[in-house]
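Notes follow the structure.
The values are calculated or read from the model by the stated rules, or taken from the named source; none is laboratory data. What you see is a predicted model, and the numbers here were worked out from it, not measured in a lab. Cβ placement follows ideal geometry from the backbone for every residue including glycine, while neighbour counts extend to all protein chains displayed. The protein model used for the area step is the full one, side chains on, heavy atoms only, and it has no ligands, DNA or RNA in it. Shrake-Rupley method; radii C 1.70, N 1.55, O 1.52, S 1.80 Å.
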Amino acid sequence: METRIDEAYRRGEFSELAYAFAPVGLVITENRVIRDCNRAFAEMFGYAEGELKDQVFSMLYPSDEEFSNIRDRGVKQLRETNTYWDERIMARKDGTLFWCRVRGHSFTPEDPLMRAVWSFADLSETRPYVPLTRREREIISHLSDGLTSKEIAQQLDISYRTVEVYRAKLLKKFGVSNTGGLFHSLGGIGSDHVVSRGRG
């Protein structure tokens, strides 16, 4: 390993070294299939190096339903600006759930998910995971997008009243009185950072 590092410094060619040893998870995807990832990405999810190669990305989500709900988020921003980021809940190999920050760049902006590179940062230290039901996570995700209860009801094909009940339960669960307090409790950040609003 030292020889490889010394050689990179001798030749001034650091791209391979930076990819392999970056302190953040990096993954190359093609149509939602993992083509390659660095050590930090594999370890973050509890896998050995090489174990994730050519696996479908959906296996890293809490459920197939949640993958379906979030998989197209960011496509519009990538197509328009080729920058995207959000914070989402992912699943490790052992089934434990954790928050991570995701950033993406597409090599094919006209078809953003055809070929892309993503970075994943584990937020466990600053945003510990609090058990939430799938529906609660959906509600929080849409609230963070700035949707009203009526708009969320339309998105999820449920009643406005049901959304309000979930929202009230979430406020009670986290001991807060408003949505801003809810997002603060989820990790001490503003709601505009939980899901991308087209920021780079």
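Observations
- Solvent-accessible area per residue in the stretch 39-151 equals 49 Å², computed with a 1.4 angstrom probe and all protein chains kept.
- Residue by residue, the stretch 163-179 carries 3J(HN,Hα) couplings of 4, 5, 5, 4, 4, 5, 5, 5, 4, 5, 4, 9, x, 10, 10, 8, 5 Hz when phi is fed to the Karplus relation 6.51 cos²θ - 1.76 cosθ + 1.60 (θ = phi - 60°); x denotes Gly or Pro.
- When +1 charges are put on Lys and Arg Cβ atoms and -1 charges on Asp and Glu Cβ atoms, the dipole computed for the stretch 57-116 relative to its Cα centre reaches about 220 debye.
- Built amide H within the under 5 Å cut-off of GLN55, gap 5+: ILE34
- Sites matching trypsin sites (Lys or Arg not before Pro) across the stretch 1-51 that sit in DSSP coil, with at most 15 neighbouring C-beta atoms within 10 Å: ARG32
- Using alpha-carbon coordinates, inclination of helix 134-144 to the longest axis of the chain, degrees: 90
- Of the labelled figures (1) 0.99; (2) 1.02; (3) 0.97, only one reflects Rg/Rh (Cα atoms, Kirkwood Rh) as derived from the coordinates, namely (2).
- Taking all protein chains together and a 1.4 Å probe, the residues PHE14, PHE107 rank PHE107, PHE14 from largest to smallest accessible area.
- Across the stretch 34-42, computed HN-Hα scalar couplings (Karplus, 6.51 cos²θ - 1.76 cosθ + 1.60, θ = phi - 60°) run 6, 8, 6, 8, 8, 4, 4, 5, 4 Hz from first to last residue, x flagging Gly and Pro.
- Rounded percent of accessible protein surface that carbon and sulfur make up, the chain, 1.4 Å probe: 49
- Ordered from largest to smallest accessible area (heavy atoms of protein chains, 1.4 Å probe), the residues LYS173, LYS150 come out as LYS150, LYS173.
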